[in-house]
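**Student:** Below is one structure. I have some questions about it.
The values are calculated or read from the model by the stated rules, or taken from the named source; none is laboratory data. Computed from a predicted structure; not experimentally measured. Methodologically, a virtual Cβ is constructed for each residue, glycine included, from the backbone with ideal geometry; neighbour enumeration extends over all protein chains shown.
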Amino acid sequence: MKNFSEKNYQKLVSQHEKSPWLKNIFWAFTVGGLICVLGEFILTYAKNMGLPKEDAGCVTSMTLIFFSGLFTGLGIFDKLAKHAGAGTIVPITGFANAVVSPAMEFKSEGFILGVGAKMFVVAGPVIVYGVSSSIICGLIYYLVKGGMPL
Amino acid sequence: MMHYLNAFIFGGFLCAIAQLLIDFTKMTPARILVLYVTAGVVLTFLGLYNPLVERFGAGATVPLTGFGNALANGVIKGIGEKGLLGVISGGLTACAAGISAAIFFGYLFALIFSSKEK
Amino acid sequence: MNKRIGERTLYFPSRPSVHGFYSVVGEKESQGPLKDWFDLSIGEGHFGEDSWEKAESKLMETAALGAINRAGLTPEQIQCFLGGDLLNQCISANYASRSLQIPFLGLYGACSTMAESLIAGSVFVDGSFGDYALCATSSHFCSAERQFRFPLEYGGQRPPTAQWTVTGSGACVLSSQGNGPSITHATIGKVVDAGITDLNNMGAAMAPAACDTLITFFKDTKTAPKDYDMIFTGDLGEIGKKLLHQLLQDQNFGAVDNLEDCGCLIFDNETQDTHAGGSGCGCSASVLNSYILKKMQKKELKKILFMATGALMSPTISMQGESIPGIAHLIQLEN
């Protein structure tokens with residue numbers, strides 16, 4: 001083709017890529033905020049039941065993970081997430097959805113190499129980078145503080 | 001009641017930032033989650049994230065930065081108790097409940113449910 | 001006899017004709033604007049099978065048998081089956097042909113495969129290698145999502161540029177005799193890569209290839225857009241279609257107002273939330289083998305161009321940083 005330059009074309013393409021970002025941000029903020037309010041509610045309840053702070057945090061995570069897993073199974077989660085975007089991805093609910101959805105999806109390839117192997121195909125990086133960065137930072141912290149017993 | 005509002009505002013804020021990244025930088029959600037969890041770890045070690053948790057409660061712990069925060073606090077606690085061994089064992093010890101729950105519920109729901117046509 | 005004109009356009013003197021055709025679609029497609037044109041709607045996407053891949057293979061098999069039946073033939077009378085789909089190793093076509101037992105060539109051209117199979121079929125029939133060739137392609141939303149994108153229940157957000165993979169299949173039997181709509185010319189596309197890396201913007205990756213094939217065809221045949229009743233592009237979608245219009249203008253073709261896109265025809269974004277439109281090999285296949293060919297049979301369309309476009313993307317090489325190559329194959333159909 002004559003008169004065709006990749007650069008000009010990519011400029012042309014970017015003119016067609018307007019996303020409804022204001023609407024997206026509104027939904028992300030609202031839904032994400034509400035999930036955190038739900039978390040705060042569970043946290044407060046667990047603390048009032050007499051659980052220590054850390055255990056109450058664990059109960060909160062587990063409850064949210066259970067319900068977002070359940071909603072994923074029922075096929076409701078993705079309908080909410082379609083509007084909420086980062087509002088459902090960023091809270092722990094998004095992590096649970098990322099674990100449960102491939103587990104369900106790859107059931108057709110069996111329970112070992114399907115469910116078992118593919119469960120962390122989406123959420124794996126979060127654990128890999130979370131754990132690795134905490135070890136690296138921890139090592140630096142250990143060396144800087146120095147003198148602690150081995 | 002104020003703590004609910006705090007959780008709403010800060011949790012919503014973290015999600016809104018991620019949405020901006022999705023819409024304007026074309027970062028995939030996976031990259032954003034990795035960024036968030038790593039940011040949570042680093043900010044905690046710098047002593048900046050725990051004050052946010054004090055102030056915003058679940059608004060700071062429920063988003064994935066909170067997962068990073070829990071990992072980092074676990075490592076710090078592990079170092080205090082076991083020294084160098086704690087660097088390795090502390091993080092996942094603290095997050096064991098969340099990760100085990102995700103694995104077990106993931107398996108359970110995969111047994112019960114199947115993907116549906118959209 | 002030289003059967004080539006211009007740079008790379010093929011000319012078929014025997015005018016292979018469409019002897020029988022059939023389309024099968026999923027539930028969403030059967031609720032779209034073309035709902036009255038399709039031959040069969042399968043309802044729920046499993047189609048009685050226990051996996052999406054097996055369902056897609058059955059889709060293609062059903063469409064193929066439907067087309068053979070409409071042509072008044074049996075599978076034993078077909079000398080060649082040219083089929084393809086989007087899945088790795090072309091499994092839908094492979095498994096459909098396992099039961100059809102027709103000499104089989106598997107094709108891959110992403111969403112351009114329907115035109116690719118028709119070109120190959122026309123060459124086969126026009127070269128007198130057989131009386132009948134069967135051309136079929138398929139795609140399935142669910143099998144495509146899990147291979148190319150995310151699990152179905154994953155809570156991701158589709159950007160406005162994303163297209164919706166059509167669940168459907170279209171098949172037709174080409175014959176050297178008969179008086180159905182005939183394939184007279186074809187242009188085999190070249191891969192054009194404009195450096196698009198966004199997996200959610202297939203239309204943008206395909207539009208330059210579509211433009212390249214289209215202007216080559218016009219140059220080779222010394223024709224212009226107005227010489228045709230309609231020009232149907234494969235599945236550029238809303239954004240790819242707009243880009244193609246702009247590219248054609250840059251190439252001094254002015255406004256081409258008889259251009260329509262199968263991906264835009266098959267869904268109604270307002271009510272079906274399909275964003276930029278339909279995609280997948282099943283999209284252009286099901287629209288051609290229903291709406292377009294039926295309109296030609298009714299003589300509402302006499303001379304058309306059908307150009308299926310494909311984004312030859314693979315998640316593997318995209319993750320390695322490569323851009324998405326586009327391709328477009330074109331055939332001319334005449335009554």
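**Student:** Please determine, by comparing only the residues of region C:138-150 that are in a loop (DSSP other than H, G, I, E, B) and surrounded by fewer than 24 Cβ atoms within 10 Å (Cβ to Cβ), which one is farthest from the other protein chains (Cβ to nearest Cβ). Spell out the reasoning first.
**Tutor:** First pass over region C:138-150, keeping only residues in a loop (DSSP other than H, G, I, E, B): C:140, C:149-150.
If we keep only those that are surrounded by fewer than 24 Cβ atoms within 10 Å (Cβ to Cβ) too, we end up with C:149-150.
Numbers: C:ARG149: 11, C:PHE150: 7 Å.
Here the residue is C:ARG149.
**Student:** Working carefully through the options C:GLY106, C:GLY170, C:GLY155, C:GLY130, find the one that is part of a loop (DSSP other than H, G, I, E, B) and touching a strand residue (DSSP E or B) at 6+ places or on another chain (Cβ under 7 Å).
**Tutor:** Details: C:GLY106 fails: part of a loop (DSSP other than H, G, I, E, B); C:GLY170 fails: part of a loop (DSSP other than H, G, I, E, B); C:GLY155 fails: touching a strand residue (DSSP E or B) at 6+ places or on another chain (Cβ under 7 Å).
Residue meeting the stated conditions: C:GLY130.
**Student:** Looking at region B:89-118, which of the residues that are under 19 Å from A:PHE111 (Cβ atoms) and of a type in the set (Ser, Thr, Tyr) is nearest to the chain's Cα centre (by Cα)? Step through it out loud before you land on a result.
**Tutor:** Pass one, region B:89-118, residues under 19 Å from A:PHE111 (Cβ atoms): B:100, B:102-115.
Going one step further and asking which of them are of a type in the set (Ser, Thr, Tyr), we end up with B:100, B:107, B:114-115.
Numbers: B:SER100: 15, B:TYR107: 21, B:SER114: 27, B:SER115: 26 Å.
Taking the candidates together, the pick is B:SER100.
**Student:** Are there any helices (runs of 4 or more DSSP H) wholly within region C:277-335 with 3 or more residues that are out of contact with any strand residue (DSSP E or B) (no Cβ under 7 Å at 6 or more places or on another chain), modelled with pLDDT under 95 and surrounded by fewer than 24 Cβ atoms within 10 Å (Cβ to Cβ), and if so which?
**Tutor:** Details: elements: C:281-287, C:293-297, C:315-319.
It comes to C:315-319.
**Student:** Out of A:ILE112, A:ILE140, A:ILE76, A:ILE135, I need the residue that is among the β-branched types (Val, Ile, Thr) and within 14 Å of chain C (Cβ to nearest Cβ). Which one? Spell out how you get there, then give the answer.
**Tutor:** On the way: A:ILE112 fails: within 14 Å of chain C (Cβ to nearest Cβ); A:ILE140 fails: within 14 Å of chain C (Cβ to nearest Cβ); A:ILE135 fails: within 14 Å of chain C (Cβ to nearest Cβ).
Answer to the check: A:ILE76.
**Student:** Let me ask another. Looking at region C:208-229 only, could you name the residues that are among the aliphatic types (A, V, I, L, M) and over 16 Å from the mean Cα position of the chain (by Cα)?
**Tutor:** If the condition is that a residue be among the aliphatic types (A, V, I, L, M) and over 16 Å from the mean Cα position of the chain (by Cα), then C:ILE215, C:ALA224 are the ones that fit.
**Student:** Within region C:27-41, can you find the residues that are touching a residue at least 24 places away in the same chain (Cβ under 8 Å) and out of contact with any strand residue (DSSP E or B) (no Cβ under 6 Å at 6 or more places or on another chain)? Explain how you work it out, then say what you get.
**Tutor:** Of all residues in region C:27-41, those touching a residue at least 24 places away in the same chain (Cβ under 8 Å) come to C:27-29, C:31-34, C:37-40.
Within region C:27-41, C:GLU27, C:LYS28, C:GLN31, C:GLY32, C:PRO33, C:LEU34, C:TRP37 meet the criteria.
**Student:** Can you pull out the residues in region A:117-127 that are more than 13 Å from the chain's Cα centre (by Cα) and facing chain B (nearest Cβ under 8 Å)?
**Tutor:** A:MET119
**Student:** Sort through A:GLY57, A:GLY39 and tell me the only one that's under 21 Å from B:ASN6 (Cα atoms), facing another protein chain (nearest Cβ under 7 Å) and in contact (Cβ under 8 Å) with a residue 40 or more places away in the chain.
**Tutor:** A:GLY39
**Student:** Check region C:113-125 and report whether any residue there is in contact with a helix residue (DSSP H, G or I) (Cβ under 6 Å, 6 or more places away or on another chain) and either over 30 Å from C:PRO325 (Cβ atoms) or surrounded by 21 or more Cβ atoms within 10 Å (Cβ to Cβ) (or both). Quick ask: steps written out before the conclusion?
**Tutor:** Here is the first cut: in region C:113-125, the residues in contact with a helix residue (DSSP H, G or I) (Cβ under 6 Å, 6 or more places away or on another chain) are C:113-114.
Within this subset, residues satisfying the condition of being either over 30 Å from C:PRO325 (Cβ atoms) or surrounded by 21 or more Cβ atoms within 10 Å (Cβ to Cβ) (or both) are C:113-114.
So far as region C:113-125 goes, yes, one or more of its residues are in contact with a helix residue (DSSP H, G or I) (Cβ under 6 Å, 6 or more places away or on another chain) and either over 30 Å from C:PRO325 (Cβ atoms) or surrounded by 21 or more Cβ atoms within 10 Å (Cβ to Cβ) (or both).
**Student:** How many of the residues making up region C:9-53 are within 14 Å of another protein chain (Cβ to nearest Cβ) and either hydroxyl-bearing (Ser, Thr, Tyr) or surrounded by fewer than 19 Cβ atoms within 10 Å (Cβ to Cβ) (or both)?
**Tutor:** At the first step, the residues of region C:9-53 found to be within 14 Å of another protein chain (Cβ to nearest Cβ) are C:25-31, C:41-53.
Narrowing further to those that are either hydroxyl-bearing (Ser, Thr, Tyr) or surrounded by fewer than 19 Cβ atoms within 10 Å (Cβ to Cβ) (or both): C:27, C:30-31, C:41, C:43-44, C:46, C:48-51.
Number satisfying all stated conditions: 11.
**Student:** Please go through region C:259-275 and give me each residue that is at pLDDT below 95 and either surrounded by 23 or more Cβ atoms within 10 Å (Cβ to Cβ) or of a type in the set (S, T, N, Q) (or both), ordered by number.
**Tutor:** Hits for region C:259-275 are C:ASN269, C:THR271, C:GLN272, C:THR274.
**Student:** Give me the pairs: first residue in region C:76-97 and in contact (Cβ under 8 Å) with a residue 24 or more places away in the chain, second residue among the aromatic types (Phe, Trp, Tyr) and buried (at least 24 other Cβ atoms within 10 Å of the Cβ), beta-carbon distance under 9 Å, and six or more apart or on different chains, which are they?
**Tutor:** Every condition considered, the pairs that remain are C:GLN77/C:TYR132; C:ILE78/C:TYR132; C:GLN79/C:TYR132; C:CYS80/C:TYR132; C:ALA93/C:PHE81; C:ALA96/C:PHE81.
**Student:** Could you run through region B:5-44 and say how many residues are of a type in the set (Ser, Thr, Tyr) and surrounded by fewer than 18 Cβ atoms within 10 Å (Cβ to Cβ)? Step through it out loud before you land on a result.
**Tutor:** Initial filter on region B:5-44 (of a type in the set (Ser, Thr, Tyr)): B:25, B:28, B:36, B:38, B:44.
Filter again for surrounded by fewer than 18 Cβ atoms within 10 Å (Cβ to Cβ), leaving B:25, B:28.
Residues meeting the conditions: 2.
**Student:** Right, something else. In the same structural domain as C:GLY326 (by TED's automatic domain parsing), within 23 Å of C:LEU301 (Cα to Cα), assigned to a helix (DSSP H, G or I) and at pLDDT 95 or above: does that describe C:PHE217? Break it down into steps so the answer makes sense when it comes.
**Tutor:** Values: in the same structural domain as C:GLY326 (by TED's automatic domain parsing): yes; within 23 Å of C:LEU301 (Cα to Cα): yes; assigned to a helix (DSSP H, G or I): yes; at pLDDT 95 or above: yes.
Judged against the criteria, C:PHE217 is a match.
**Student:** Let me ask another. Here's a check for you: in region B:49-88, which residue that is within 23 Å of B:ALA18 (Cα to Cα) and among the charged types (D, E, K, R) is surrounded by the most Cβ atoms within 10 Å (Cβ to Cβ)? Walk me through it before giving the result.
**Tutor:** Here is the first cut: in region B:49-88, the ones within 23 Å of B:ALA18 (Cα to Cα) are B:49-72.
Among the residues that remain, those that are also among the charged types (D, E, K, R) are: B:54-55.
Values: B:GLU54: 9, B:ARG55: 13.
The residue in question is B:ARG55.
**Student:** What about A:ASN48, is it more than 23 Å from B:LEU43 (Cβ to Cβ) and at the interface with another protein chain (Cβ under 7 Å from one of its Cβ atoms)?
**Tutor:** Values: more than 23 Å from B:LEU43 (Cβ to Cβ): yes; at the interface with another protein chain (Cβ under 7 Å from one of its Cβ atoms): no.
Spelling it out, it is not the case that A:ASN48 is more than 23 Å from B:LEU43 (Cβ to Cβ) and at the interface with another protein chain (Cβ under 7 Å from one of its Cβ atoms).
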